[in-house]
Amino acid sequence: MPTVIKGQPTSEEVLRRLADLDGPVALSFSCGKDSIACWLAMREYGIEIVPVYFWLVPDLKFIDEELAYFEDFFGTHIYRYPNPSFFRLISNLVDQPPERLRVIEAANLPIPTYEQTWEAIFQELGMDPRTWKADGVRAADSLNRRSSFVRHGVMKESNRKVSPIADWLKAEVMGIIDRYGVKLPIDYEIFGRSFDGIDYRFIEPMRRHLPEDYGRLVEWFPLAVGDIIRHGEAPDGF
């Protein structure tokens with residue numbers, strides 16, 4: 001049974017509203033179970049979906065393979081764009097060695113917001129700037145998310161953000177995934193969740209299971225190996 005979000009429409013009502021729109025809905029697709037379930041739920045309602053993946057580290061092989069699988073399964077292209085956090089990490093010199101600092105500071109990279117990023121995406125794809133942007137965020141994930149939905153809404157007209165399965169429980173998420181026979185990505189085998197960081201939770205399993213992608217991540221963020229050292233392990237080359 002779905003969770004109840006005080007003062008907010010049910011997911012069924014939200015999905016119906018989106019289905020009644022004259023145009024597509026953009027989906028922030030992370031390859032995670034919630035965004036997969038959100039895509040499947042919207043598809044059941046006949047909603048036209050434009051999926052977008054925001055990469056945190058460029059050209060990771062396992063991400064490319066996952067996206068190729070979902071493109072084949074859903075029969076549509078998934079657009080790739082840099083995550084605003086990528087620019088934030090680089091500009092804030094996160095895990096960067098001393099010899100790169102002067103170059104990065106001189107580059108003075110902009111740090112776009114998600115809103116600015118979506119504006120650029122819609123402009124490039126020739127989409128209406130008022131297109132709704134969907135995600136798989138659910139109230140049951142945390143008290144903070146539930147309270148945010150109560151305060152700000154499941155469908156936020158101000159920024160056109162919507163969470164179509166906000167009241168779903170994990171059982172409903174896994175139920176629709178199992179019903180359609182979707183394969184969860186390797187993330188859940190090695191991280192226990194979808195990939196979204198460069199800290200120990202992700203880089204240590206990558207080093208063991210995805211050495212090529214681990215090497216790629218360390219090219220961009222060399223001092224990320226410090227997290228491995230802090231956990232009493234010696235990374236490659238030490």
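The values are calculated or read from the model by the stated rules, or taken from the named source; none is laboratory data. Model, not experiment: these values are computed from the prediction. Every residue, glycine as well, gets a Cβ built from its backbone with ideal geometry; the counts of neighbours run over all protein chains shown. Heads up: the accessible areas ignore ligands, DNA and RNA and are worked out on the full protein's heavy atoms, side chains in. Shrake-Rupley method; radii C 1.70, N 1.55, O 1.52, S 1.80 Å.
Out of the range 106-122, which residues are within 12 Å of I90 (Cβ to Cβ) and assigned to a helix (DSSP H, G or I)?
As a first pass, look at the range 106-122 and keep what is within 12 Å of I90 (Cβ to Cβ): 107-111.
A107 - this is the single residue of the range 106-122 that is within 12 Å of I90 (Cβ to Cβ) and assigned to a helix (DSSP H, G or I).
Here is a yes/no grid of residues against (1) touching a Gly at 6+ places or on another chain (Cβ under 7 Å); (2) over 21 Å from R138 (Cα atoms):
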{"position": "C38", "(1), (2)": "yes, no"}
{"position": "A41", "(1), (2)": "no, no"}
{"position": "P58", "(1), (2)": "no, yes"}
{"position": "E65", "(1), (2)": "no, yes"}
{"position": "E71", "(1), (2)": "no, yes"}
{"position": "F74", "(1), (2)": "no, yes"}
{"position": "P84", "(1), (2)": "no, yes"}
{"position": "S91", "(1), (2)": "no, yes"}
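Tally up the residues in the range 129-153 that are surrounded by 19 or more Cβ atoms within 10 Å (Cβ to Cβ) and at pLDDT 95 or above, please.
Qualifying residue count, the range 129-153: 7.
Give the residues of the range 70-110 that are polar (S, T, N, Q) and under 24 Å from R43 (Cβ atoms), sorted by residue number. Can you show your working first?
Restricting attention to the range 70-110, the residues satisfying the condition of being polar (S, T, N, Q) are 76, 83, 85, 91-92, 96, 108.
Listed by number, the list holds a single entry, T76.
What are the residues in the range 86-105 that are part of a helix (DSSP H, G or I), exposed (fewer than 13 other Cβ atoms within 10 Å of the Cβ) and of a type outside the set (A, V, I, L, M, F, W, C), if any? Break it down stepwise before answering.
To start, the set of residues in the range 86-105 that are part of a helix (DSSP H, G or I) comprises 86-91, 98-105.
With exposed (fewer than 13 other Cβ atoms within 10 Å of the Cβ) added as a condition, the list becomes 98-99, 101-103, 105.
Those that are part of a helix (DSSP H, G or I), exposed (fewer than 13 other Cβ atoms within 10 Å of the Cβ) and of a type outside the set (A, V, I, L, M, F, W, C): P98, E99, R102, E105.
Quick check on my filter: what residues within the range 114-128 are of a type outside the set (F, W, Y) and surrounded by 10 or more Cβ atoms within 10 Å (Cβ to Cβ)?
E115, Q116, T117, E119, A120, I121, Q123, E124, L125, M127, D128
Select, from E204, E189, the only residue that is open to solvent by 40 Å² or more (accessible area, probe 1.4 Å) and in a helix (DSSP H, G or I). First the steps, then the outcome.
Values: E204 fails: open to solvent by 40 Å² or more (accessible area, probe 1.4 Å).
Step by step, each of E204, E189 is checked, and only E189 is open to solvent by 40 Å² or more (accessible area, probe 1.4 Å) and in a helix (DSSP H, G or I).
Can you tell me which residues in the range 65-79 are surrounded by 14 or more Cβ atoms within 10 Å (Cβ to Cβ) and either free of Cβ contacts under 8 Å to residues at least 24 places away in the same chain or in a strand (DSSP E or B) (or both)?
Answer for the range 65-79, where residues must be surrounded by 14 or more Cβ atoms within 10 Å (Cβ to Cβ) and either free of Cβ contacts under 8 Å to residues at least 24 places away in the same chain or in a strand (DSSP E or B) (or both): just Y79.
Starting from residues that are charged (D, E, K, R) and closer than 25 Å to Y188 by Cα, keep the ones in the range 15-43 and report whichever is surrounded by the fewest Cβ atoms within 10 Å (Cβ to Cβ).
Just the residues of the range 15-43 that are charged (D, E, K, R), to begin with: 16-17, 20, 22, 33-34, 43.
If we keep only those that are closer than 25 Å to Y188 by Cα too, we end up with 33-34, 43.
Values: K33: 21, D34: 20, R43: 15.
So the residue we want is R43.
Got a number for residues in the range 203-224 being over 13 Å from L89 (Cβ atoms) and not acidic (D, E)?
As a first pass, look at the range 203-224 and keep what is over 13 Å from L89 (Cβ atoms): 203-216, 218-219.
Then keep just the ones that are not acidic (D, E); that gives 203, 205-211, 214-216, 218.
Adding up the residues that qualify gives 12.
Which of the residues spanning the range 214-224 are open to solvent by less than 80 Å² (accessible area, probe 1.4 Å), touching an Asp or Glu at 6+ places or on another chain (Cβ under 8 Å) and assigned to a helix (DSSP H, G or I)?
Taking the range 214-224 and keeping what is open to solvent by less than 80 Å² (accessible area, probe 1.4 Å), we get 214-218, 221-222, 224.
Those still in the list that are touching an Asp or Glu at 6+ places or on another chain (Cβ under 8 Å) too: 216, 221-222, 224.
Within the range 214-224, R216, P222, A224 meet the criteria.
Could you check how many residues of the range 32-64 are within 24 Å of R207 (Cβ to Cβ), aliphatic (A, V, I, L, M) and in a loop (DSSP other than H, G, I, E, B)?
Final tally of qualifying residues: 3.
Looking at Y53 and the list (1) crowded, with 16+ Cβ neighbours inside 10 Å; (2) touching a residue at least 60 places away in the same chain (Cβ under 8 Å), which single condition is not satisfied?
Tallying (1) crowded, with 16+ Cβ neighbours inside 10 Å; (2) touching a residue at least 60 places away in the same chain (Cβ under 8 Å), Y53 fails exactly one: (2).
So which of G192, G153 ends up being under 25 Å from V25 (Cβ atoms) and of a type outside the set (V, I, T)?
On the way: G192 fails: under 25 Å from V25 (Cβ atoms).
Answer to the check: G153.
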